């Protein structure tokens, strides 16, 4: 019966809109960039249809072309950012982010997962003259960041395995976690402590501390973290700050119905 209802609904679908959405999802989450022939082969749809879809999206600023390969632009990300706003993750976090900033003195950020990366959704800058900032919508690597590790540590096992299998363990410097096995060991410590640390694993002079944000299902829907210069966030300071970051992450989580065991 359910299958029949789905078939009835699909009869009302517009084929080119379905194709467009499929191409969007493919470029945003799987392939990241592809040529028109590659899209034709992958989706097994006429070249003329793919060409028209791609050129329309490019004209309206949703795709950009380099060397005959197409990738999504930040315009698509901003649409998703607006959807997250409407679901309340930013509104339910902003006042708590300011409270955390005033306690620890460093820039406070909030983000969520996109594929195998973290997307920055909101930032409250430090009041220090020297501070860390970044562009809203920028992407952060999972294996070399506090927010990435904070979310990964609490994902269901199968989902965590899926994300880990997609990660390319780029070695940015000698502090970067170089392998899946070592990252698993790190995630076990994060799960035990309730917060994650990044000691300059991508940007050598930037240290971070992050904690998960949960919804009512105990699922990590995002992360809250602080970032600052290595000179102000040594190991002892990061360990103390981790308790505050985890506490403020819990405050946000409770607004989404999370009840700790």
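Values in this text are rule-based calculations from the coordinates and carry no lab data. What you are looking at is a predicted structure, and each value in this text was computed from that prediction instead of being measured.
Can you tell me the orientation of helix 47-59 relative to the chain, as the angle in degrees between its alpha-carbon axis and the longest Cα principal axis, to the nearest 10? Roughly 50 degrees, rounded to the nearest 10. Taking only the Cα atoms of the chain, the radius of gyration and Dmax are 20.4, 63 Å. Report, in degrees rounded to the nearest 10, the 0 to 90 angle that the Cα long axis of helix 15-25 makes with the longest principal axis of the chain. Taking the Cα atoms of the chain, the angle to 15-25 is about 30 degrees. At q = 0.14 Å⁻¹ the log10 of I(q)/I(0) for region 2-72 amounts to -0.45, computed by Debye summation with a single uniform scatterer per C-alpha, solvent ignored. Only helical runs count toward this figure. For the chain, summing -39,500 (n - 2.57) over DSSP H runs of n ≥ 4 and dividing by all residues gives -14000 deg cm²/dmol at 222 nm. Could you tell me whether region 148-193 comes out rounded, prolate or oblate from its Cα gyration tensor? Rule is a ≥ b ≥ c as square roots of the eigenvalues, rounded for a/c under 1.5, then prolate if a/b exceeds b/c, otherwise oblate. Oblate, since a/c reaches 1.5 and b/c is not below a/b. Coordinate range of the alpha-carbon atoms in region 180-235 per principal axis, descending: 38, 25, 17 Å.
In terms of its C-alpha gyration tensor, region 131-261 has an oblate overall shape, because the principal axis ratio a/c (a ≥ b ≥ c, square roots of the eigenvalues) is not below 1.5 and a/b does not outweigh b/c.
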